[in-house]
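S.K.: This is the structure, below, for whatever I ask next.
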Protein chains: 2
Amino acid sequence: MSSDNSGEIWLEQVKWDHDGLVVAIVQEADTGEVLMQAYMNRDALAATAREGYATFWSRSRSKLWRKGESSGHLQDVAEIRLDCDNDAVLLRVRQTGPACHTDRRNCFFQRLEGDAWVEVAPAPDCHEMQG
Amino acid sequence: MSSDNSGEIWLEQVKWDHDGLVVAIVQEADTGEVLMQAYMNRDALAATAREGYATFWSRSRSKLWRKGESSGHLQDVAEIRLDCDNDAVLLRVRQTGPACHTDRRNCFFQRLEGDAWVEVAPAPDCHEMQG
């Protein structure tokens, strides 16, 4: 993927790691619910800012993916924040449908109880799983 | 740091990266505010679960650090969550004092406005900066 964002100062200010990525945290803007965590490269962050929908870098598929591009579960971006040392991005979004590929509302549905991870949101059994 | 947690199944279930780390997101339990992002290794997560206060792995100092160990700004952990692919942890905490080392309430105080990161929380000018 070629980048046409090389001259943009705000993108230069992000502290990309040695793989060219930063951590991206996605939060529902209206409720504060943390929906998911993914990674962004320069092109993903530029696309997110330009288009207003969350786009990430898939490390497993080595490609950009706009969240919801196949499922329709888009993330309409209300705000993009950067942390104090410039290596983590917080997206405040309005999520269409479930954020998790398991069809749950968010990805953090395993809670530590004693010495076990317990699923606190049941798996939907009647919906098609969507990425 | 030797690990005495090698036999713990719940720690084995976490998908540690090639550096032995996972992303940790810290959220204020009562308000949903995302406070900061850090990293945990196995010992950090074990200590957090055992002691009830957030402990991370400092990549820059290559050591465990209990958040607030020098500043007193501890994070009392209400809940530990793990995401759907087991490679990100969400801590829901009650934060004492500011979470950010700049003395701001949270670390995500830079907002993208047009093509510039703008500080939306003023820097405290009368407090001692604390790690």
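Read-outs: derived from the displayed coordinates by stated rules, not from any lab. These numbers were taken from a predicted model, which means no experiment stands behind them. Here the Cβ is made from the backbone with ideal geometry for all residues, glycine too, and neighbour counts use every protein chain on show.
S.K.: Got a number for residues in segment B:52-74 being under 20 Å from B:Ala29 (Cα atoms), in a strand (DSSP E or B) and either of a type outside the set (S, T, N, Q) or over 14 Å from the mean Cα position of the chain (by Cα) (or both)?
M.R.: 3
S.K.: Across segment A:21-51, what is the number of residues that are loosely packed, with under 14 Cβ neighbours inside 10 Å and assigned to a loop (DSSP other than H, G, I, E, B)?
M.R.: Here the count works out to 2.
S.K.: Which of (1) in contact with a Leu (Cβ under 8 Å, 6 or more places away or on another chain); (2) more than 10 Å from every other protein chain (Cβ to nearest Cβ) does A:Arg50 not meet, given it meets every other one?
M.R.: (1)
S.K.: State yes or no: is B:Leu90 surrounded by 17 or more Cβ atoms within 10 Å (Cβ to Cβ), at the interface with chain A (Cβ under 8 Å from one of its Cβ atoms), of a type in the set (A, V, I, L, M) and in contact with a Lys or Arg (Cβ under 6 Å, 6 or more places away or on another chain)?
M.R.: So B:Leu90 passes the test.
Conditions tested, residue by residue: (1) of a type in the set (Gly, Ala, Ser); (2) in contact with a Pro (Cβ under 8 Å, 6 or more places away or on another chain); (3) free of Cβ contacts under 8 Å to residues at least 24 places away in the same chain.
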| position | (1), (2), (3) |
| --- | --- |
| A:Glu28 | no, no, no |
| A:Glu69 | no, no, yes |
| A:Gly72 | yes, no, no |
| A:Gln95 | no, no, no |
| A:Cys100 | no, no, no |
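S.K.: May I ask you to list the residues in segment A:100-118 that are of a type in the set (Gly, Ala, Ser) and either under 18 Å from A:Gln27 (Cα atoms) or more than 7 Å from chain B (Cβ to nearest Cβ) (or both)?
M.R.: The answer is A:Gly114, and nothing else.
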